[in-house]
1. Distance cut-off 26 Å, Cα to Cα: go down the list 12/133; 51/107; 12/51; 73/135 and report the pairs above it.
2. Give the shape of the range 79-132 as rounded, prolate or oblate, defined through the alpha-carbon gyration tensor: a ≥ b ≥ c are the square roots of its eigenvalues, a/c under 1.5 means rounded, and otherwise the shape is prolate if a/b is larger than b/c and oblate if not.
3. For the range 64-155, run through the trypsin sites (Lys or Arg not before Pro) and keep only the ones in DSSP coil with at most 13 other Cβ atoms within 10 Å of their Cβ.
4. Which is the longest run of the chain containing none of the chymotrypsin sites (Phe, Trp or Tyr not before Pro) found in DSSP loop states (not H, G, I, E, B) with at most 14 other C-beta atoms within 10 Å?
5. Contact order normalised by length for the chain, with contacts defined as Cα pairs under 8 Å and 6 or more residues apart; what percent is it?
6. Pick the calculated Cα Rg over 2.2 N^0.38 Å for this structure from (1) 1.03; (2) 1.18; (3) 1.28?
Amino acid sequence: MLDFLNAEVGLKTYIAKDSDIEANRKWYVVDAENKILGRLASRIAYMLRGKNKPYFSPHQDTGDYVVVINAEKIRVTGGKMRSKVYKTHSGYPGGQKSVNLNSLLQKNPERVIELAVKRMLPKNALGRKMFKKLKVYAGSQHPHNAQQPQTMELI
């Protein structure tokens with residue numbers, strides 16, 4: 001009976017087609033200079049997932065491409081520059097390595113933003129697909145001018 005009511009009223013769930021999603025993908029450039037890391041990462045993850053689109057659905061990759069420039073000029077609040085620690089493990093005994101935010105920012109500033117955004121995306125194949133649309137650069141130059149990216153001002 002429920003199907004009959006939905007057909008009568010015209011309530012149907014819209015699922016975007018892959019061709020429509022690809023046709024509506026945009027490229028955005030975000031300047032990370034003097035932006036707070038967590039707030040920047042959450043807004044970028046929001047764009048990569050496509051939650052800003054009217055046809056968002058959690059089981060589809062409807063997001064846009066995001067290019068982040070000036071990654072070495074981000075800010076963090078409090079004492080995180082000294083106390084925040086990134087840990088990796090090789091899988092072997094004694095294979096754990098730790099590096100704090102300050103030294104990682106000096107050595108590989110792109111990795112700081114990548115890790116923050118990646119940890120805000122879904123932990124499955126769809127999240128890995130979304131993460132591939134993120135491009136992060138330490139300086140103010142990027143090689144994606146051919147895609148005519150729009151400048152996105154984040155608050």
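Any read-out appearing in this document is the output of simple, stated calculations on the displayed coordinates, not a laboratory observation. Quick caveat, the model's predicted, so the values are computed rather than measured. With ideal geometry, Cβ positions are generated from the backbone for all residues, glycine too; neighbour counts draw on all protein chains shown.
1. Flagged as over cut-off: 12/133; 51/107.
2. The shape class here is oblate.
3. Filter output for the range 64-155: 119, 123, 132.
4. Value returned for the longest uninterrupted segment is 57-155.
5. It comes to 30 percent, rounded to a whole number.
6. Answer label, from the structure shown: (3).
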